[in-house]
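Notes follow the structure.
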Amino acid sequence: MTRFAHITALLTLTCAGVLSHSIPATDSTDIEATAATITYLDGPSPAAQEIVGWAAERFVEAGLQLPDLEISFPATCGGKAGRYLVGQDQVELCRPTKTLVLHELAHAWDDNSTVDRQAFLDLRGLEQWYEQPGRDSDESGGEQLALVVAWGLMDVDITARNSERAGQPVDEQPRYLPGLDDSTPEILDRLFVQLTGSAPLSAL
């Protein structure tokens, strides 16, 4: 875990056999968030544990307070790559990647934050916060929030050009966020600030 050499990770094994991993906050005086304690309900691979640790640190760096979480790695996650269990502070990760883990932790942050959900729904022209059966997930406010927050905390640009948009050459098209294809980096920046009250990490 050389990437995290500047922090001290606390690893403890409880009598129940679950692993707890707490990532202390950095020394920056601008950060108000404190480290969340992450309890692994089953043993993560070293790669998965490193991704989770990196993602949790990104929230601390951005000043976004995560709740203490329980994380498991089941074979299936309700047909998805991962999911957050609303109201339970539990995350299931079946195919952990940086973007996915940030996305699921964003749901956990939302569930415990004071985000003005109605204002975000109104801005985005949406009616429901939670995903509804038979409707695309990106038609829900919570899903769009998670997409925006994950974008703002990533360490690389995850927007992309769409080769089918208006018949334009690909290199002349604006970039959009997959899953939120009406949002350019400029729009995403404004949405991130509205939701979190701070600038994306890429802009810090």
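The values are calculated or read from the model by the stated rules, or taken from the named source; none is laboratory data. Predicted, not measured: the structure shown is a model, and the values here were computed from it. All Cβ positions, even for glycine, are placed from backbone atoms using ideal geometry, and neighbour counts span all protein chains on display. Just so you know, the surface numbers come from the protein's heavy atoms only, side chains and all, with ligands and any DNA or RNA stripped out. Shrake-Rupley method; radii C 1.70, N 1.55, O 1.52, S 1.80 Å.
Restricting attention to the stretch 182-204, the residues that are β-branched (Val, Ile, Thr) and farther than 19 Å from Gly141 by Cβ add up to 1.
Per-residue answers, yes or no, for (1) outside any helix (DSSP H, G or I); (2) in contact with an Asp or Glu (Cβ under 7 Å, 6 or more places away or on another chain); (3) surrounded by fewer than 14 Cβ atoms within 10 Å (Cβ to Cβ):
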site: Glu104; (1), (2), (3): no, no, no
site: Gln118; (1), (2), (3): no, no, yes
site: Tyr130; (1), (2), (3): yes, no, yes
site: Arg135; (1), (2), (3): yes, no, yes
site: Asp182; (1), (2), (3): yes, no, yes
site: Leu188; (1), (2), (3): no, no, no
site: Gln194; (1), (2), (3): no, no, no
site: Ser202; (1), (2), (3): no, no, no
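Candidates Leu66, Leu147, Leu123, Leu153: the one that is open to solvent by 40 Å² or more (accessible area, probe 1.4 Å) and touching a helix residue (DSSP H, G or I) at 6+ places or on another chain (Cβ under 8 Å) is Leu123. The set of residues in the stretch 88-115 being out of contact with any helix residue (DSSP H, G or I) (no Cβ under 7 Å at 6 or more places or on another chain) and of a type in the set (Gly, Ala, Ser) consists of Ala108, Ser113.
For the stretch 168-178, name all the residues that are surrounded by fewer than 18 Cβ atoms within 10 Å (Cβ to Cβ) and in contact (Cβ under 8 Å) with a residue 12 or more places away in the chain.
To start, the set of residues in the stretch 168-178 that are surrounded by fewer than 18 Cβ atoms within 10 Å (Cβ to Cβ) comprises 168-175, 178.
Answer for the stretch 168-178, where residues must be surrounded by fewer than 18 Cβ atoms within 10 Å (Cβ to Cβ) and in contact (Cβ under 8 Å) with a residue 12 or more places away in the chain: Gln173, Pro174, Arg175, Pro178.
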